[in-house]
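Novice: What follows is a single structure, and I will ask about it in a moment.
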Amino acid sequence: MKRLLQINPVLRTSTSTGRIMREIGEAAMSAGWESHMAYSRGRDGVMPCTSEIVPVGSLPDVAWHGLVTRLADRHGLASEHATRRFVERIREIRPDVVHIHNIHGYFLNYKILFDYLSKSGIPVVWTVHDCWLYTGHCYHYASVGCDKWKTGCGHCPQRLKFPASLWLDRSARNWIDKRQAFTSMPQDRLVMVTVSDWMRREMTGSFLGGYGFRVIHNGIDTDKFTVRDSSRVREMYGLGDRHIILGVAGIWSREKGLDDFMALQQRLGPDEVIVLVGVDAAQKRRLPDGIVGIARTDSADALAELYSAADVLVNPTWQDNYPTVNMESIACGTPVVTYRTGGSVESVTAGTGFVVEQGDVSGIMQAVRQIESSGKEVWREHCRRYALEHFRKQDRYADYVSLYEELTMNRRS
């Protein structure tokens, strides 16, 4: 039986990467693979799972790694002892494929890990969920328009952003260290999987541009995210029969478009209301009339009802790879209006919504009004059909299993 080992700091299903890793493991087991999943015990404790779990490190390890990150800007270069012990576990498991998701989670030393992987002969799949692996510090650079990552970082404009360094800026050294570690992998043993075409295009300009790339979009549960009755939601939040302009985010910030919603509110008519899901208590208190704030929910049923109730999902994000909220909304029959940002445009077609230029709040309002005037029923069926054709998570996980099979076949040959 072939063995798969996946690596990600978290396993929680309430996190997107944790849920994806768990469900890929289940898909692999259904295809006859043995599934192992490594994660940070210091961040997630002991996590029950259908796959064999491989806890890495401890709470003190994570705390030390966090201190090194905050003071020395050397994220990914602490946790030496925990990583060496993890490498020994990899030797014991003898995986046929190693699938990396994120390693920037205060739990692994990437130099030690890649020193082993580059010499092991094991094929490695690396799903790129953000930009950290090819920059000297940040996990995304689009909102500040920085392209230093192409030739070498330094004087990082986002030193205080995740993974924040409060004192030193070692982004130039980090960029060099990552390039040396990650490009030590033989090119026929590492496949970069990007979750959007945009990210693939970006990465071809990075120091990893010489490796093979595949694009496998993320998927969603289209059985849970489907057209629902919206009467309960309208009554619960006092929305009446007004047109609902929905915004959904795990954490609202300027980069996610919170300021743009504030500007949009000033253009609302009396028959329109904005509903923002994911606001914290302080943000909710600051919301003006015309915006209803709802705390973050991990309930797919509650979210599906909100998506179904809305006339349109507005996603004015300033940096994104392939946002899940777009897919979820479309699967619930609700069109999307988004900025021309990263991979956010890749799920929006002529039949599922509109794309406007970044910062064009008037353009958002024009698109919203066009959807309102045509009526939700004009969009619902096409959105739902498109979601079933393109967003089913089972299809995307099958793409991964096919890639594993391809890599193991190549290894045997």
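The values are calculated or read from the model by the stated rules, or taken from the named source; none is laboratory data. All of these numbers come straight from a predicted model, not from anything done at the bench. Backbone-built Cβ (ideal geometry, glycine too); neighbour counts: all protein chains shown.
Okay, residues lined up against (1) polar (S, T, N, Q); (2) over 23 Å from V227 (Cβ atoms); (3) outside the structural domain of K376 (by TED's automatic domain parsing):
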site	(1), (2), (3)
I294	no, no, no
S299	yes, no, no
L306	no, no, no
A309	no, no, no
V314	no, no, no
W318	no, yes, no
V325	no, no, no
E328	no, no, no
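Novice: Name the single residue, out of those in segment 167-207 being part of a loop (DSSP other than H, G, I, E, B) and small (G, A, S), that is farthest from T151 (Cα to Cα).
Specialist: My answer is S196.
Novice: Within segment 8-54, take every residue that is assigned to a strand (DSSP E or B) and out of contact with any helix residue (DSSP H, G or I) (no Cβ under 7 Å at 6 or more places or on another chain) and give me the one that is surrounded by the most Cβ atoms within 10 Å (Cβ to Cβ).
Specialist: For segment 8-54, the residue satisfying everything is Y39.
Novice: Let me ask something additional. Go over the candidates L258, L264, L239, L276 one by one and state the one that is more than 25 Å from D320 (Cα to Cα), surrounded by 17 or more Cβ atoms within 10 Å (Cβ to Cβ) and assigned by TED's automatic domain parsing to the domain that holds Q319.
Specialist: L239 is the lone residue from the list that is more than 25 Å from D320 (Cα to Cα), surrounded by 17 or more Cβ atoms within 10 Å (Cβ to Cβ) and assigned by TED's automatic domain parsing to the domain that holds Q319.
Novice: Only residues that are assigned to a loop (DSSP other than H, G, I, E, B), closer than 21 Å to M192 by Cα and in contact (Cβ under 8 Å) with a residue 12 or more places away in the chain: list them for segment 209-238, please.
Specialist: Residues satisfying the conditions are G210, Y211, I216, H217, N218, G219.
Novice: Same structure again: Sort out which residues of segment 246-289 are farther than 25 Å from R340 by Cα and out of contact with any helix residue (DSSP H, G or I) (no Cβ under 6 Å at 6 or more places or on another chain), and write them in order of number.
Specialist: G269, P270, D271, D280, A281, A282, Q283, K284, R285, R286, L287, D289
Novice: In the set S402, S373, S362, which member is within 30 Å of V124 (Cα to Cα), among the hydroxyl-bearing types (S, T, Y) and surrounded by fewer than 18 Cβ atoms within 10 Å (Cβ to Cβ)?
Specialist: Sole residue among the options that is within 30 Å of V124 (Cα to Cα), among the hydroxyl-bearing types (S, T, Y) and surrounded by fewer than 18 Cβ atoms within 10 Å (Cβ to Cβ): S402.
Novice: Same structure again: For segment 312-331, name all the residues that are touching a strand residue (DSSP E or B) at 6+ places or on another chain (Cβ under 9 Å) and in a loop (DSSP other than H, G, I, E, B).
Specialist: Selection gives P316, T317, W318, D320, N321, Y322, P323.
Novice: Just to be sure I understand the filter: pairs with C-beta atoms under 6 Å, separated by 6 or more residues or on different chains, first member in segment 283-302 and touching a residue at least 60 places away in the same chain (Cβ under 8 Å), second member surrounded by 13 or more Cβ atoms within 10 Å (Cβ to Cβ). Which pairs pass?
Specialist: A300/K224
Novice: Tally time: how many residues in segment 36-95 are among the aliphatic types (A, V, I, L, M) and closer than 23 Å to C138 by Cβ?
Specialist: Of the residues in segment 36-95, 8 are among the aliphatic types (A, V, I, L, M) and closer than 23 Å to C138 by Cβ.
Novice: Criterion first (on the phi > 0 side of the Ramachandran plot and touching a Ser or Thr at 6+ places or on another chain (Cβ under 7 Å)) does G57 satisfy it?
Specialist: Yes.
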